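The values are calculated or read from the model by the stated rules, or taken from the named source; none is laboratory data. These figures come from a predicted structure and were not determined experimentally. Cβ placement follows ideal geometry from the backbone for every residue including glycine, while neighbour counts extend to all protein chains displayed.
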């Protein structure tokens, strides 16, 4: 079934007969909706699925850049509702408009990319220090790991390791902004929004951990 958001966009564009999602007609309608919505200024956020070795993720972008990476274990509908509520309700599945992040993630998981070259939209990050933490995270090199205290220091406040932990834990752009590279001071992996299996997988992929 199409999402409620897509149904509303379709009605706004003049309507069409109901068709099954996943069918050839459904894909044609989705493509038509995305093109028409973009052309008429009705599309503010485009999103699409991305296959990963641990399941299907979703990326979403605005005209400012990538705004959200939803990991395979996240509730996509809830995340899209948050985007609709906090950024814009004009949101639609439009793979062609998120080609760059989908391609770069594919390259990363295939071992052909070590850094992402994407514009980012950080509107979902409201605290100034949290943004500083994410900017510091973007500079953590492939294969490198830091502790929460070390990332806090790089963000400009060595004592704010708890706030840094919150910023890392609420990062809306995991993998692209590599919060998986932050580990506990004792060497334990620590928490991760995608789950411990995914965090270990990413660190092994980058050579930061020996293959298990």
Confirm whether residue 150 is part of a helix (DSSP H, G or I), surrounded by fewer than 19 Cβ atoms within 10 Å (Cβ to Cβ) and touching a strand residue (DSSP E or B) at 6+ places or on another chain (Cβ under 9 Å). yes
Tell me the residue from 85, 102, 113 that is assigned to a helix (DSSP H, G or I) and touching a helix residue (DSSP H, G or I) at 6+ places or on another chain (Cβ under 8 Å), please. 102
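Residue-by-condition table, conditions (1) surrounded by 17 or more Cβ atoms within 10 Å (Cβ to Cβ); (2) assigned to a helix (DSSP H, G or I); (3) outside the structural domain of residue 66 (by TED's automatic domain parsing); (4) free of Cβ contacts under 8 Å to residues at least 60 places away in the same chain:
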{"position": "97", "(1), (2), (3), (4)": "yes, yes, no, no"}
{"position": "117", "(1), (2), (3), (4)": "no, no, yes, yes"}
{"position": "142", "(1), (2), (3), (4)": "no, no, yes, no"}
{"position": "165", "(1), (2), (3), (4)": "yes, yes, yes, yes"}
{"position": "168", "(1), (2), (3), (4)": "yes, yes, yes, yes"}
{"position": "198", "(1), (2), (3), (4)": "yes, yes, yes, no"}
Being part of a helix (DSSP H, G or I), buried (at least 18 other Cβ atoms within 10 Å of the Cβ) and on the phi < 0 side of the Ramachandran plot is true for just one of 173, 202. Which residue is that? 202
Could you tell me how many of the residues in the stretch 126-135 are closer than 22 Å to residue 108 by Cβ and surrounded by fewer than 21 Cβ atoms within 10 Å (Cβ to Cβ)? 1
Kindly indicate which of 202, 173, 134 is in contact with a helix residue (DSSP H, G or I) (Cβ under 6 Å, 6 or more places away or on another chain), touching a residue at least 24 places away in the same chain (Cβ under 8 Å) and under 26 Å from residue 99 (Cα atoms). 202
When the residues of the stretch 177-196 are narrowed to those that are at pLDDT 95 or above and buried (at least 22 other Cβ atoms within 10 Å of the Cβ), which ends up farthest from residue 117 (Cα to Cα)? 182
